[in-house]
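The values are calculated or read from the model by the stated rules, or taken from the named source; none is laboratory data. Treat the numbers as computed from the prediction; the structure is a model and nothing was measured. We place every Cβ from the backbone using ideal geometry, glycine too, and count neighbours over all the protein chains shown. Side chains included, ligands, DNA and RNA excluded: accessible areas come from the protein's heavy atoms. Shrake-Rupley method; radii C 1.70, N 1.55, O 1.52, S 1.80 Å.
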Amino acid sequence: MDVWRVGRAGRLAGYLLIVGPACGALSTWWGVLSHPDPQNADSAGVATAVALGFAFFAWWVLLRVRLEFTTDTIVMVNPWGAQRLPWSRVSAVSLGNWGAQFHTTDGFTFTAYALSDLAGGTRQDDRFTEVRRIAEARLRLQRQLRDGHPRP
């Protein structure tokens, strides 16, 4: 199985979105321990909720996003959901502004955001070269199997 995730800068930003607010929440809880009063406890609760919100956002939008190639399926986990696309339905692969695009035999296009940096429209030509090489080899194999030709 081959797996690609958001680029290094995107993952770093995701981890910073988790660690920064978490440190802030820990510091407010430290304040509660040194000066226990209801106002400090309320502040610590709010800081914890904010830290959890940032952590969930970073995980959902950056850290869980991935593109997986299995023997039978392409799995694209994007911020809005996951799609499973059988290799038999794929006719071509290209690079768009938002990541790898898989064109299907019925005319639809699925985009995997995992190749973009921060999923923000940055093209990732170098990473796409590897994806294209593997995808085209799998597509050739699919065509050979469909046409009844033996594997080379």
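Values as computed for the structure displayed
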read-out	value
Amide H contacts of residue 91 (H built 1.01 Å from N, under 5 Å, at least 5 apart or other chain)	103, 104, 105
FRET efficiency, residue 56 to residue 33 (Cβ-Cβ, R0 30 Å, nearest 0.05)	0.70
Globularity index of the chain, i.e. its alpha-carbon radius of gyration over 2.2 N^0.38 Å	1.44
Residue-averaged 222 nm ellipticity for the chain, from DSSP H runs of 4+ at -39500 (n - 2.57), nearest 500	-16500 deg cm²/dmol
Stretch gain in nm, segment residue 134-residue 49, where the contour uses 0.36 nm per residue and the Cα spacing is subtracted	26.3 nm
Separation of alpha-carbon centers, region 1-29 and region 69-85, rounded to whole Å	23 Å
Relative contact order of the chain, defined on C-alpha pairs under 8 angstrom at six or more residues apart (%)	22 percent
Nearest-ten-degree value, helix 8-34 long axis tilted from longest Cα axis of the chain	20 degrees
Virtual paramagnetic centre 7 Å along Cα→Cβ of residue 1, amide N under 17 Å, in region 76-111	76-78, 82-87
About the Cα centre, charge dipole magnitude for the chain (Lys/Arg +1, Asp/Glu -1 at Cβ), debye	680 debye
Angle between the chain longest axis and helix 125-147 axis [Cα atoms, degrees, rounded to 10]	40 degrees
Over region 32-105: Kirkwood hydrodynamic radius from C-alpha pairwise inverse distances, Å	15.6 Å
Solvent-accessible area per residue, Å², over the chain with all protein chains present [probe radius 1.4 Å]	59 Å²
Cα-based helix-to-principal-axis angle, 38-58 vs the chain, degrees rounded to 10	10 degrees
Gain upon complete extension [residue 145, residue 94; 0.36 nm per residue less C-alpha separation]	16.1 nm
